[in-house]
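Here, each number is a calculation from the coordinates, and none is a lab measurement. For clarity, every value in this text was computed on a predicted model and none was experimentally measured. So basically every Cβ, Gly included, is an ideal-geometry build from the backbone, and we count neighbours across all protein chains shown.
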Amino acid sequence: MRIDGKQIAADIRAEVTAAASGLVARGVRPGLAVILLGDNPASVSYVTAKERACVECGIASFPVRLPADTSEQTLLETISRLNEDPRVHGILVQLPLPRGFDEQKIIRSIAPEKDVDGFHPISLGKLLLGQDTFVPCTPAGIMELLRRSGVETAGKRAVVVGRSNIVGKPMALLLARKGADATVTLCHTATKDLGAVTREADILIVAAGHPHTIVAGQVKPGAVVIDVGVNRIPDATKKAGFRLVGDVDFEAIEPVASLITPVPGGVGPMTIAMLLRNTVKAAAATLPA
Ligand code: GUN
């Protein structure tokens with residue numbers, strides 16, 4: 001059966017809308033600044049979706065568009081201004097940044113209390129330590145998908161494919177932490193016999209960034225499969241000239257899995273829903289106790 005990420009994300013967005021309106025009643029409209037450098041088509045489409053979602057939930061959107069050849073100093077000054085702006089509760093710098101930028105330096109310049117992406121070393125350190133923090137949106141959204149689909153994680157074998165800072169590493173932490181209690185294996189490009197490992201998984205999370213990373217025979221019958229991939233495949237029959245596919249061979253795996261997320265309409269909408277939720281959390285934290 002398919003997990004309907006769009007529907008679950010819509011439920012969360014309704015909750016976020018109610019929470020945002022509660023904050024407005026107390027004199028605080030949550031605000032999110034989204035910074036995009038350059039015009040990478042995938043990034044433009046993500047950023048546009050994030051900004052539209054804000055407005056739909058009653059969150060103020062502060063779009064910042066800068067040319068790809070913006071200097072590091074200008075970007076740091078822009079972030080510094082947003083750090084000081086009381087209307088802005090969350091700051092997101094869309095990744096990847098154009099060539100030449102030190103991404104970690106830019107992320108470190110975001111005030112941790114406005115780090116709604118959860119990418120700042122302070123946020124990631126707190127996540128490692130099990131402290132309350134902003135959790136990166138994609139892995140947080142996957143935990144929410146599992147919870148709302150009735151998937152038990154405690155005592156289960158979870159396999160995460162991909163060790164990125166944005167998805168794979170925080171995903172492994174979230175699945176293994178107290179309360180989730182899965183036994184986690186983290187696979188990556190140097191993993192030998194990937195299929196032998198993924199066949200052990202009760203819950204398989206695939207965030208490798210390549211189509212057909214997981215193919216027939218690599219999934220245990222009855223497993224729950226979460227496909228994080230968003231890959232553009234040329235397709236002349238589509239108006240845009242491409243279609244989106246995940247990292248999993250969906251047609252081959254759907255009949256084997258008990259639950260599987262489609263691409264699009266699985267994890268993607270959840271990432272945005274969690275960003276909105278983190279923004280409301282950041283705004284709520286500015287209220288007097
Ligand atoms: N690029 C791909 N995913 C993300 C994300 O969740 N946040 C940001 N800022 N950039 C991304």
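Using the Kirkwood radius over Cα pairs, work out the Stokes-Einstein diffusion coefficient for segment 247-289 at 4 °C and 1.567 mPa s, in µm²/s as a whole number. Can you show the working numbers first?
Numbers: Rh = 12.9 Å.
It comes out at roughly 100 µm²/s.
For segment 60-177, the share of alpha carbon pairs falling in successive 10 Å distance bins from zero is 12, 39, 30, 15, 4 percent.
Explain nothing, just the number: dipole magnitude of the chain about its Cα centre with +1 on each Lys and Arg Cβ and -1 on each Asp and Glu Cβ, in debye rounded to the nearest 20.
Values: 32 positive and 29 negative charges, 56 e Å.
Result for the chain is approximately 260 debye, rounded to the nearest 20.
Each Lys and Arg contributes +1 and each Asp and Glu -1, all at the Cβ; summed about the Cα centre of segment 156-289, the dipole is approximately 460 debye.
The equivalent ellipsoid that matches the C-alpha gyration tensor of segment 164-289 spans semi-axes of 28, 22, 13 angstrom, in descending order. With a cut-off of 10 Å between beta carbons, the residues surrounding Lys220 carry a summed charge of 0, where Lys and Arg count +1 and Asp and Glu -1.
Rounded to the nearest 10 degrees, the angle from helix 5-25 to the longest Cα principal axis of the chain is 20 degrees. Here the spin labels are modelled as points 7 Å beyond Cα on the Cα-Cβ line, and at Arg147 and Arg2 they lie 2.5 nm apart. If the viscosity is 1.306 mPa s and the temperature 10 °C, what Stokes-Einstein diffusion coefficient in µm²/s follows for segment 1-129 when Rh is the Kirkwood radius over Cα pairs? This corresponds to a translational diffusion coefficient of 100 µm²/s. Ranked by the mean number of other Cβ atoms within 10 Å per residue, highest first, peptides 8-17, 258-267 order as 258-267, 8-17. The shape of segment 1-62 comes out oblate: with a ≥ b ≥ c from the C-alpha gyration tensor, a/c is at least 1.5 while a/b does not beat b/c. Each Lys and Arg contributes +1 and each Asp and Glu -1, all at the Cβ; summed about the Cα centre of segment 233-289, the dipole is approximately 400 debye.
Nearest 5 is fine: what % of DSSP beta bridges in segment 160-271 come out antiparallel, could you say? Please report the intermediate quantities before stating the final value.
Values: 4 of 15 bridges.
Approximately 25 percent, going by the DSSP bridge assignments.
Measuring between their Cα centroids, segment 227-251 and segment 119-145 lie 28 Å from each other. Our summary gives segment 86-199 a relative contact order of 19 percent, counting only alpha carbon pairs under 8 angstrom and 6 or more residues apart.
I need the Debye-formula profile for segment 90-153: one equal scatterer per C-alpha, no solvent, reported as log10 I(q)/I(0) at q = 0.17, 0.21 1/Å, two decimals. Once normalised to I(0) and log-transformed, intensities are -0.66, -0.87.
Normalised by 2.2 N^0.38 Å, with N the number of residues, the alpha-carbon radius of gyration of segment 35-108 equals 1.09.
With respect to the chain, whose longest principal axis is taken over its alpha-carbon atoms, helix 72-84 is tilted by about 70°. Using only the alpha-carbon atoms, how far is helix 41-56 inclined from the longest principal axis of the chain? Give it as 0 to 90 degrees, nearest 10. Taking Cα atoms only, the helix is inclined about 70 degrees.
Sorted largest first, the principal axis extents computed over the alpha-carbon atoms of segment 122-203 equal 36, 29, 18 Å. Binning at 5 angstrom from zero up to the longest distance, how are the C-alpha pair distances of the chain distributed in percent? Percent of pairs per bin, in order: 1, 6, 12, 16, 18, 17, 14, 10, 5, 2, 0, 0.
For segment 197-243, divide the Cα radius of gyration by the Kirkwood radius and give the resulting Rg/Rh value with two decimals. Could you put the intermediate results ahead of the total?
Details: Rg = 13.5 Å, Rh = 12.2 Å.
Rounded to two decimals, Rg/Rh equals 1.11.
Could you tell me which of Gly268, His212, Phe242 has its Cα farthest along the dipole of segment 169-289 towards the positive end, charges placed at Cβ (Lys, Arg +1; Asp, Glu -1), taken about the Cα centre? Projecting each Cα onto the dipole axis, the largest value belongs to Gly268. Note on the chain: with a GNM built from Cα contacts shorter than 10 Å, the maximum mean-square fluctuation among Asp102, Asp117, Asp249 falls on Asp102.
Applying a DSSP loop filter and a limit of 14 other Cβ atoms within 10 Å to the trypsin sites (Lys or Arg not before Pro) in segment 33-127 leaves Arg87, Arg99.
Percent antiparallel among DSSP beta bridges with both residues in the chain, to the nearest 5?
The antiparallel proportion sits near 10 percent.
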